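The values are calculated or read from the model by the stated rules, or taken from the named source; none is laboratory data. Note that the structure is predicted; figures quoted are calculated from it, not measured. Please note: Cβ atoms are built from the backbone with ideal geometry, for glycine as well, and neighbour counts cover all protein chains shown.
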Amino acid sequence: MTLASSPLQPGQRRVAAIDIGTNSIHLVIAAVDVALSSFSVLHAEKDTARLGERDPETGDLSLAAIERAFRSLRHDIELARSYGVEQIVTAATSAVREAPNGREFLQAVQEQLGLAVDLVSGPEEARLIYLGVLSGMAFGDQPHLIIDIGGGSTELVLADGRDARALTSTRIGAVRLQREFCQQDPLPPQRRSFLQAYIQGALDPAVAQVRTALNPGESPVMVATSGTAMAMAALAAAEDGKPPLKLQGYRLSRQRVDQLLARLLTLTPEQRRALPAINERRAEIIVPGALILQTAMAMLGCHELVVCDRALREGLIVDWMLRNHLLGDRFVYQSSIRRRTVLHQARRFGVERERADWVAAHALSLYDQSRGLLHHDEGVGRELLWAAAQLHTCGKSINISAYHKHSWYLIRHGELLGYSQSEHLMVAAIARYHRRSLPKKRHEAWQLIEGRDQRRTVASMALLLRLAAALDRRPAAVIDAIEVSAAPGCLDVRLRPKPVEAGETPVDLSLERWSLRSCEAVVMEACGLALRVAEP
């Protein structure tokens with residue numbers, strides 16, 4: 001995609017971020033929505049430049065590694081400029097900050113490519129990773145323990161919805177350990193035991209710092225980012241009966257990590273490279289990376305982790321937004337991430353915001369008044385209902401015919417930050433079933449919803465959205481309030497029109513009442529209740 005095919009939208013700014021890591025160089029090009037104080041990724045790619053392959057005698061970045069890095073950076077700069085970005089923000093991490101010729105390399109990049117690169121410290125690297133995860137997950141009130149296993153270092157961050165309590169960086173990484181400890185491959189048992197002990201010793205100070213920052217009784221959620229975690233999740237997902245569309249939010253138990261690692265340790269390099277779930281270069285360093293992950297989970301007493309596909313590169317975007325006063329407070333940004341991402345997608349697909357707000361308000365009013373009648377939800381479904389109401393017409397951007405199916409596709413394949421994988425699928429399904437037929441076993445949208453409770457939530461929230469959407473008949477808001485009451489075997493609904501000025505003609509809601517009555521059969525089929533719409 002080039003700038004010519006993707007013009008700047010009103011209120012949009014573009015920025016690119018380049019993360020110069022030990023194993024890979026990552027590029028992210030983002031569109032920043034100034035009004036919503038959010039961003040979406042327009043383009044992302046990485047190149048396995050292996051800058052961490054240093055001279056074994058001097059520790060310098062090798063000439064071959066520098067050449068690969070220059071080639072990658074030249075490509076990234078050209079691509080970013082083709083998108084019309086106003087700035088390219090950068091960070092060079094472990095490999096460059098430790099190499100004796102690291103600063104010479106950065107000076108050459110500035111002189112030859114015109115790119116000023118920030119050399120970040122270990123704690124600053126951890127802070128940027130934290131900001132990246134913060135932009136992609138809702139922390140709520142529970143502390144989160146973030147682990148990022150890079151090529152040359154491993155960052156551990158303990159954070160909650162208000163602050164980062166511990167920012168640590170340890171000089172162990174997948175490329176570094178592969179180079180220093182894995183001359184024999186597969187690893188002999190004795191060498192593996194030695195490497196595990198080395199990893200444990202290296203992680204001890206960081207783990208102690210994290211434990212000190214935990215309050216009594218707290219049990220943090222472990223979040224894993226970057227290459228090793230994504231590769232392990234991909235290997236696990238490939239064995240699942242229903243592989244997820246995305247790895248964001250994928251959960252991996254410690255037992256599963258142990259099983260995957262046990263299998264990887266028996267494979268030769270050629271056999272690992274043949275695994276379809278990971279690329280050839282990742283296969284070379286997956287074993288030491290997985291050993292770090294396994295050891296960290298054991299030391300921290302974590303029984304499960306959740307994968308986040310945002311990390312340092314997205315953290316650079318958030319940091320740029322903070323420095324340019326596009327985010328008043330990163331914690332306010334984090335606390336409203338679910339709302340922001342829904343509104344961002346709605347704007348992206350041309351949803352009429354005012355009408356979506358009306359439908360959402362009607363849906364939530366019905367939700368609040370019909371508990372125990374149309375649904376028995378305890379609160380989980382309310383936010384999902386709001387999100388689906390905001391996005392239920394996004395499929396009209398493709399085709400107005402059967403647009404609910406297009407809405408399901410767009411929501412499912414879109415980015416809903418802060419929502420778990422199951423919540424994401426539920427929002428898409430609620431939008432899918434707000435019109436036409438009720439859920440059927442043969443429908444893919446229904447098959448993807450796992451568990452009786454989740455399906456019950458989807459069905460009841462979709463019914464509420466169906467009723468709310470039935471009231472959306474005109475381009476102007478005409479309903480002031482919806483009143484719901486119950487009688488034996490019946491659900492009575494009364495519509496109150498918006499008040500008018502003296503002398504004006506009262507609003508006639510006959511069209512809305514007629515539309516609502518068209519839902520009578522569905523309400524009876526779903527709940528066994530007769531829907532009665534009161535006359536004025």
* Structure fact -> Counting only residues that are within 22 Å of the chain's Cα centre (by Cα) and either farther than 16 Å from residue 374 by Cα or of a type in the set (Val, Ile, Thr) (or both), segment 447-470 contains a total of 4
* Asked: Of the residues 311, 298, 290, 283, which single one is over 16 Å from residue 170 (Cα atoms) and buried (at least 21 other Cβ atoms within 10 Å of the Cβ)?
  -> 311
* Asked: Inside segment 236-250, can you point out the residues that are buried (at least 17 other Cβ atoms within 10 Å of the Cβ), farther than 19 Å from residue 445 by Cβ and not hydrophobic (A, V, I, L, M, F, W, C)?
  -> 248, 250
* Out of 259, 345, report the one residue that is polar (S, T, N, Q) and surrounded by fewer than 19 Cβ atoms within 10 Å (Cβ to Cβ). => 259
* Asked: Can residue 223 be described as touching a strand residue (DSSP E or B) at 6+ places or on another chain (Cβ under 6 Å) and under 30 Å from residue 449 (Cα atoms)?
  -> yes
* Among what's in segment 490-519 and is part of a loop (DSSP other than H, G, I, E, B), under 43 Å from the mean Cα position of the chain (by Cα) and in contact (Cβ under 8 Å) with a residue 24 or more places away in the chain, pick the residue that is farthest from residue 433 (Cα to Cα). => 509
* Name the pairs whose Cβ atoms lie under 7 Å apart, with the first residue in segment 520-536 and touching a residue at least 24 places away in the same chain (Cβ under 8 Å) and closer than 17 Å to residue 468 by Cα, the second basic (Lys, Arg) and part of a helix (DSSP H, G or I), and 6 or more positions between them or separate chains? -> 522/466; 533/513; 533/517
* If residue 148 satisfies every condition in (1) over 23 Å from residue 41 (Cα atoms); (2) assigned to a strand (DSSP E or B) but one, which is the exception? -> (1)
* Asked: Which residue pairs have Cβ atoms under 7 Å apart, sit 6 or more places apart or on different chains, and have a first residue in segment 244-270 that is more than 13 Å from residue 290 (Cα to Cα) and in the same structural domain as residue 223 (by TED's automatic domain parsing) and a second that is of a type in the set (Asp, Glu) and part of a helix (DSSP H, G or I)?
  -> 269/284
* To do: Mind listing just one residue for me: the one in segment 135-152 that is out of contact with any strand residue (DSSP E or B) (no Cβ under 7 Å at 6 or more places or on another chain) and farther than 18 Å from residue 424 by Cα and, of those, surrounded by the most Cβ atoms within 10 Å (Cβ to Cβ)?
  => 150
* Return the pairs, sorted by first residue and then second, in which the second residue is modelled with pLDDT under 95 and exposed (fewer than 13 other Cβ atoms within 10 Å of the Cβ), the first residue lies in segment 206-224 and is under 12 Å from residue 146 (Cα atoms), the beta carbons are less than 9 Å apart, and the residues are 6+ apart or on different chains. => 220/142; 221/142
* Asked: For segment 360-416, which residues satisfy the criterion of being hydroxyl-bearing (Ser, Thr, Tyr) and either outside the structural domain of residue 448 (by TED's automatic domain parsing) or within 27 Å of the chain's Cα centre (by Cα) (or both)?
  -> 393, 397, 403, 407, 409
* Which residue pairs have Cβ atoms closer than 6 Å, lie 6 or more positions apart in sequence or on different chains, and pair a first residue in segment 159-170 that is closer than 22 Å to residue 336 by Cβ with a second residue that is buried (at least 19 other Cβ atoms within 10 Å of the Cβ) and not hydrophobic (A, V, I, L, M, F, W, C)? -> 159/130; 159/144; 160/143; 164/130
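Inside segment 25-65, can you point out the residues that are under 19 Å from residue 81 (Cβ atoms) and touching a His at 6+ places or on another chain (Cβ under 6 Å)?
Filtering segment 25-65 down to residues under 19 Å from residue 81 (Cβ atoms) leaves 25-32, 39, 41-47.
Result: 29, 46.
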* Asked: Restricting segment 149-160 to residues that are under 18 Å from residue 297 (Cα atoms) and touching a Phe, Trp or Tyr at 6+ places or on another chain (Cβ under 9 Å), which is modelled with the lowest pLDDT?
  -> 159
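For residues that are of a type outside the set (Lys, Arg) and in a loop (DSSP other than H, G, I, E, B), tally how many sit in segment 471-489.
Adding up the residues that qualify gives 8.
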* Quick check: anything in segment 439-458 in contact (Cβ under 8 Å) with a residue 40 or more places away in the chain, of a type outside the set (A, V, I, L, M) and within 23 Å of residue 39 (Cα to Cα)? -> no
